[in-house]
Amino acid sequence: MKILKFGGSSVANPENIIKIKNILTSYEDKIIVVVSAFGGVTDQLINAGELAASQNTAYKNTLKDLETRHLDMVKELIPITLQSSVLSKVKTELNVLETLLEGAFFIGEITPKLSDKIVSFGELLSSYIISENLVSEGLDCDYKDSRELIKTLKVAGKNVVDFESTNTYCKSYFNQNASAITVCPGFIASSHNGDITTLGRGGSDYSAAIYAAALDADVLEIWTDVSGMYTANPKMVKQAKAITHISYEEAMELSHFGAKVLYPPTIQPVLSQGISIIIKNTFKPEEAGTLITKSKNKGGKTVRGISHIGNMALLSLEGPGMVGIPGISKRFFEVLSQADISVVLITQASSEHSICVGISSDDVEKSVEVVNEAFTYEIERGKIKKVIPEKGLAIVALVGDNMKSHQGLSGKMFSTLGKNNVNIRVIAQGASERNISCVINEKDVKKALNALHEEFFEENIKQLNLFVMGVGNVGAKFLNQINSQEKYLKKNLRLNVRVVGISNSRTMFFNEKGINLNDWKNELDSGEKANKDLFIEKVNDLNLRNSIFVDNTASEEIARTYKSFLGNSISVVTCNKIACSSAYDNYASLKSLAREYNAPFLFETNVGAGLPIIDTLKNLIASGDKILKIQAVLSGSLNFVFNNFDDTTTFHDIVKQAQEEGYTEPDPKIDLSGIDVMRKILILARESGHMLEIKDIKNDSFLPQESLATNNNEAFFESLVKYEDDFQKIYGDAKAKNSRLKYVAQFENGQASVGLQEIPKGHDFYNLEGSDNVVLFYTERYPNLPLIIKGAGAGAEVTASGIFADIIRIGNF
Ligand code: ADP
Ligand code: ASP
Ligand code: MG
């Protein structure tokens with residue numbers, strides 16, 4: 001014999017019920033089919049009962065909906081010739097339901113007994129209609145009302161299954177019943193004196209397990225809307241996968257901690273008899289589903305699943321009077337139990353100064369009232385504080401039989417959450433060590449589940465979520481590079497890099513699932529009006545794991561936003577030099593925020609575009625080397641200018657060309673005045689460990705005062721025309737000495753300087769072509785012959801690739 005249970009969504013409409021018929025016809029064994037109410041009906045019945053009890057006539061609308069839904073089902077599922085008797089039976093039942101609701105309306109109250117009676121109509125009607133449908137389809141099918149077979153007793157005020165009489169009734173009925181299929185309503189039972197009782201929300205699973213155990217079935221099959229018990233709720237974690245095989249204990253733990261696919265009490269009856277459970281998908285019957293048996297997980301993954309329970313609250317009992325006084329916790333738990341409040345999680349600090357329990361948010365008001373009342377004496381004397389509730393929380397739990405024999409799992413769990421700025425309120429680890437759970441803010445649940453899932457299940461595929469500000473020259477190249485490398489990154493570096501938000505100065509656009517990088521320009525155009533504060537708000541609201549803010553602008557205003565990102569554990573990658581060359585305190589505080597919140601702050605492209613200059617410097621220092629001197633040509637823009645400027649050209653035209661080809665900042669004066677180089681050497685000096693400010697750097701500018709004093713690009717270019725003779729003289733003087741002009745930055749003994757120099761033939765800097773940069777690091781390990789980094793130090797493509805490299809660094813972080 002096999003027991004098959006079909007849940008609410010499996011029986012939600014006529015098409016689904018036809019799917020069930022097809023599944024049933026493939027069985028040769030005798031089967032019992034346990035069905036839930038049509039999807040959503042139990043909620044509607046509960047709602048109608050509450051409305052009626054609060055004397056709100058809106059319950060009549062709900063009743064009307066229920067009536068239409070059930071009558072339509074009959075009309076669709078039963079051939080016209082057989083419809084009338086079924087319709088009249090359904091109408092009769094609905095009339096009884098109406099009478100009960102009217103009763104609640106007139107009394108203005110609903111007792112638990114009446115409530116059970118009202119909700120029982122969901123399963124009563126669905127099972128009757130389904131069995132009639134199967135009969136009309138020619139199946140050898142019978143109907144049996146579960147109230148006649150499953151009996152409950154009252155224990156401590158609660159209805160619990162009386163297994164002894166239930167087993168007897170079930171055996172005696174099914175031993176005599178010869179039909180191939182028997183359809184029974186799930187969820188409902190009755191007490192010995194004939195009152196209708198129910199088995200708790202989701203209880204049809206339990207009904208099926210009770211039949212399975214009573215009849216010693218071969219298997220219990222739970223047919224639902226997903227292909228098994230997953231590594232996490234598939235509605236929250238897209239990457240979750242069905243678990244092929246899991247032990248009873250693991251399944252029980254996962255379901256206790258929120259895996260709704262199986263109602264927690266279901267396992268108990270079948271466990272004692274070793275009956276396997278299979279969870280199958282009604283809509284994809286060809287998929288294997290999950291097998292639940294007594295055999296423990298050997299080999300395989302240590303963590304089998306991650307589950308969560310939302311709508312939780314914490315209740316803390318604290319006070320100096322609790323230390324060393326026996327019986328306080330006993331009283332605390334007693335009052336909660338007497339008030340019928342279920343405690344999901346408990347923690348007590350070893351100081352005994354406080355006890356904290358996790359309960360459903362719905363129970364908070366009642367708990368606070370009963371606990372404060374029970375401890376009135378202690379509260380009045382200041383020995384215990386009034387109980388403090390905290391709502392809006394959720395429990396997240398890792399589950400696995402073998403977790404106890406593995407170290408480091410909780411460390412990994414908490415560091416993953418920490419890296420993603422998920423604040424952990426309370427931690428609990430069951431004595432069975434099959435479960436590590438923690439309480440977090442409900443708003444962080446999705447992020448936490450996905451981050452943990454990635455860490456424990458996704459073969460190290462890490463998702464990076466980018467928010468890109470600035471899509472001009474550099475930004476556009478960067479997006480194209482990501483687009484073309486997407487597959488490579490996934491396959492070779494196990495990184496799934498997605499761009500979730502982009503903005504330019506006009507519009508901004510977000511897509512939580514990742515922006516289509518083949519069409520980002522159109523998507524951005526269709527976006528909302530750009531607003532820096534809203535951009536930050538959106539990044540925070542999306543609350544995605546491994547979020548990275550990428551600044552491709554040269555804007556001071558944007559540079560000021562880094563603090564708010566880093567402070568929320570959102571990494572920052574920037575080619576904008578303003579933050580790192582601003583006041584030392586600001587630079588230092590960004591670096592310390594990055595450390596504190598575990599969010600990398602990377603700016604490799606601030607010096608030498610894509611050249612690995614800062615990374616090399618960091619590695620030298622981290623490995624114990626000391627920087628003695630830095631000599632560098634750091635301005636690709638000035639190189640471009642002085643490598644192309646001669647007596648056949650004009651200085652103005654060369655600078656214009658450099659600007660147009662993206663070799664200078666949008667404001668070329670920043671490069672020509674030497675400010676850009678000052679910023680770069682300042683950053684290198686700071687990264688070498690020196691507390692320098694920009695004003696400490698010596699700069700002998702070759703630009704005339706008048707050019708330096710201009711305040712817009714037009715005026716600046718005009719001044720270049722005016723002083724052409726001066727520029728030609730600088731060129732001519734160098735040429736006469738067989739030297740070339742290079743803009744050199746130097747740092748030694750805590751002093752930094754920048755300026756145009758005539759570099760003679762044979763010098764390391766002489767043959768610097770195009771926009772190349774070169775840096776010479778003289779260190780304790782490289783005292784005479786320096787470590788040299790040389791290559792293109794400007795241009796959108798190489799800058800974009802430097803930003804890209806920083807993103808990869810974060811991916812490997
Ligand atoms: P039914 O109506 O068939 O009883 P339920 O809604 O009670 O179905 O349970 C199935 C749902 O459980 C799934 O649609 C899914 O959203 C949820 N669920 C939560 N956690 C898990 C998990 N770990 N694996 C599978 N489903 C889960
Ligand atoms: N119909 C009941 C509920 O929604 C029982 C079940 O579906 O398992 O809770
Ligand atoms: Mg269910």
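Would you list K5, K75 from fewest to most Cβ contacts within 10 Å?
Working: K5 29, K75 13.
Sorted ascending by nearby Cβ count, the order is K75, K5.
Relative to the longest principal axis of the C-alpha atoms of the chain, give the angle of the C-alpha long axis of helix 112-136, reported between 0 and 90° and rounded to the nearest 10°.
Here the helix axis deviates by roughly 90 degrees.
Relative to the present Cα-Cα distance, how much length would full extension add between Y584 and S623 at 0.36 nm per residue of separation?
11.6 nm
R0 = 45 Å: FRET efficiency of S405 with E286, Cβ-based, nearest 0.05?
Working: r = 36 Å, r/R0 = 0.81.
About 0.80, to the nearest 0.05.
What residues qualify as long-range amide H neighbours of T197, i.e. H under 5 Å apart, gap of 5 or more or another chain, H built at 1.01 Å from N?
Placed amide hydrogens put A189, S190, S191 under 5 Å from T197.
Taking 0.36 nm per residue of separation and subtracting the Cα-Cα distance, what length does fully extending E780 through N711 add?
So the chain would gain 20.4 nm between E780 and N711.
Considering the options N699, S592, A53, tell which one lies farthest towards the positive end of the dipole of the chain, charges being +1 on Lys and Arg and -1 on Asp and Glu at the Cβ, about the Cα centre.
S592
Sketch the reach of a paramagnetic label on Y173 as a point 7 Å from Cα along Cα-to-Cβ, and name the residues of the range 202-217 whose backbone nitrogen lies under 11 Å away.
From the range 202-217, the list is 211.
Would you mind working out the magnitude of the charge dipole of the range 613-794 relative to its Cα centre, with +1 at each Lys and Arg C-beta and -1 at each Asp and Glu C-beta, to the nearest 20 Debye?
With only Lys, Arg, Asp and Glu charged at Cβ, the dipole is about 760 debye.
Suppose every K and R has +1 on its Cβ and every D and E has -1 on its Cβ; what is the size of the dipole of the chain about the Cα centre, in Debye to the nearest 20?
Details: 86 positive and 99 negative charges, 334 e Å.
Here the size comes out at about 1600 debye.
If you rank I548, I278 by fewest surrounding Cβ atoms within 10 Å, what's the result?
Final ranking by Cβ density, sparse to dense: I278, I548.
Can you give me the relative contact order of the chain as a percent, contacts being Cα pairs under 8 Å and 6 or more apart?
Reported relative contact order: 8 percent.
Among L94, L125, which comes first, then next, by fewest other beta-carbon atoms within 10 Å?
L94, L125
Pairs of alpha-carbon atoms within less than 8 angstrom and 6+ residues apart define the contacts here; what relative contact order does the range 462-602 have, in percent?
23 percent
How far apart, in nm, are two points set 7 Å out from the Cα along the Cα-to-Cβ line at N61 and at E758?
9.1 nm
Report the extension gain between E365 and E660 in nm, rounded to one decimal, defined as 0.36 nm multiplied by the number of residues separating them, less their alpha carbon distance. Each step should come with its number before you reach the end.
Values: separation 295, 0.36 × 295 = 106.20 nm, distance 6.74 nm.
Taking E365 through E660 to full extension adds about 99.5 nm, to one decimal.
Just to verify a number: FRET efficiency for D725 and K241, C-beta to C-beta distance, R0 = 56 Å, to 0.05?
So, using R0 = 56 Å, E works out to roughly 0.15.
With unit charges on the beta carbon (Lys/Arg positive, Asp/Glu negative), name the residue among S179, A745, L708 whose Cα is farthest towards the positive pole of the charge dipole of the chain.
S179
Kirkwood Rh over alpha-carbon pairs of the range 613-794, then Stokes-Einstein at 20 °C and 1.002 mPa s: what D in µm² s⁻¹, rounded to an integer? List each step's numbers first, then the result.
Details: Rh = 16.9 Å.
D = 127 µm²/s.
Sum -39500 (n - 2.57) across every DSSP H segment of at least 4 residues in the chain, then divide by the residue count to get the 222 nm mean residue ellipticity, nearest 500.
The helix-only estimate for the chain comes to -13000 deg cm²/dmol at 222 nm.
Angle between the Cα long axis of helix 163-176 and the longest principal axis of the chain, 0 to 90 degrees, nearest 10?
It works out to around 70 degrees.
So how far apart, in nm, are the two label points at N531 and H690 if each is 7 Å from Cα heading toward Cβ?
4.5 nm
Going 7 Å from the Cα of R506 along its beta-carbon direction, which residues of the range 534-548 have the amide nitrogen within less than 19 Å of the resulting point?
Flagged as within label range: 535.
Once both labels are modelled 7 Å past Cα along the beta-carbon direction, what's the D700-K301 spacing in nm?
Each label point lies 7 Å from its Cα, and together they span 6.6 nm.
When a/c is below 1.5 the answer is rounded, else prolate if a/b is larger than b/c, else oblate, so apply that to the range 2-225 with a ≥ b ≥ c taken from the square roots of the Cα gyration tensor eigenvalues.
Here the range 2-225 falls in the oblate category.
Of the cross-linked pairs K419/K790; K238/K487; K2/K284; K419/K446; K563/K656; K260/K301, which ones have a Cα-Cα span greater than 25 Å in the structure shown?
Checking Cα-Cα distances, K419/K790; K563/K656 exceed 25 Å.
Quick one: what do you get for the chain if you divide its Cα Rg by 2.2 N^0.38 Å?
That ratio works out to 1.28.
Could you tell me the center-to-center distance, by alpha carbons, between the range 171-205 and the range 314-368 in angstrom?
If you average the Cα positions of each part, the centres end up 38 Å apart.
Read-outs: derived from the displayed coordinates by stated rules, not from any lab. Worth saying up front: this structure is predicted, and the values here are computed from it rather than measured. Neighbour counts are summed over all protein chains in view; Cβ atoms, including those assigned to glycine, are modelled from backbone coordinates with ideal geometry.
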